[in-house]
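Below you'll find the structure, written out as structure tokens, and then a few comments.
The values are calculated or read from the model by the stated rules, or taken from the named source; none is laboratory data. The structure displayed is predicted, hence computed values, not measured ones. Glycine gets a Cβ as well: all are built from the backbone with ideal geometry, and neighbour counts include every protein chain shown.
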Amino acid sequence: MLCINPPDHDPTFVGHNGSSHIDATFVSSKIAVNIRYWELLPIDIFEGLDHRPILFELTTDPLPPPQPGNFDFKKISKSHYRTLIETHLPPLLEKWNQMNLSSTEQIDGAVKELSQLIYSLATQSCTLKHPITSKSWWSSELEQLSEGYENN
């Protein structure tokens, strides 16, 4: 375990009888290389605190791209999708209007939330794919017989 508090940081505890560096941030050595930022926040960020909040950023490997779902979006029910959008989008827009979306974090969160909503509603409006799996007993002879039967 490693302490990632910078050696010259301000006191983490500030009280009526003094201050100290009592609060520490410990991480494993594997994680320590991914710490990009460490900061003591102002003590007045939350009412009644005598310990300063600690903020740090941790980088991670990018997430793998999402795997395509088992949904057949070519067979989406547009009327059902439209109904779901008309039902679920207005409350989300109202929520965003109340937030004012003034920071990049809020905007990024709103984009992610909208993307998740669109995907969720689309999956509710389409059918599942049925992957074609070959059976061990299916032969080329049976395939020919099947094609001949369908053509008659």
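Couple of notes before you dig in:
- The set of residues in the range 10-30 being charged (D, E, K, R) and surrounded by 10 or more Cβ atoms within 10 Å (Cβ to Cβ) consists of Asp10, Asp23.
- Glu94 being within 22 Å of the chain's Cα centre (by Cα), under 30 Å from Thr123 (Cα atoms), without any contact (Cβ under 8 Å) to a residue 24 or more places away in the chain and surrounded by fewer than 12 Cβ atoms within 10 Å (Cβ to Cβ): yes
- Top-ranked residue in the range 42-91 [being among the polar types (S, T, N, Q) and without any contact (Cβ under 8 Å) to a residue 40 or more places away in the chain; ranked as farthest from Ile4 (Cα to Cα)]: Ser79
- Matching helices (runs of 4 or more DSSP H) fully within the range 33-152 where at least 3 residues are modelled with pLDDT of 85 or more, not hydroxyl-bearing (Ser, Thr, Tyr) and not assigned by TED's automatic domain parsing to the domain that holds Pro7: 78-99, 104-124
- Counted residues, the range 22-41 - those being free of Cβ contacts under 8 Å to residues at least 24 places away in the same chain and not hydrophobic (A, V, I, L, M, F, W, C): 4
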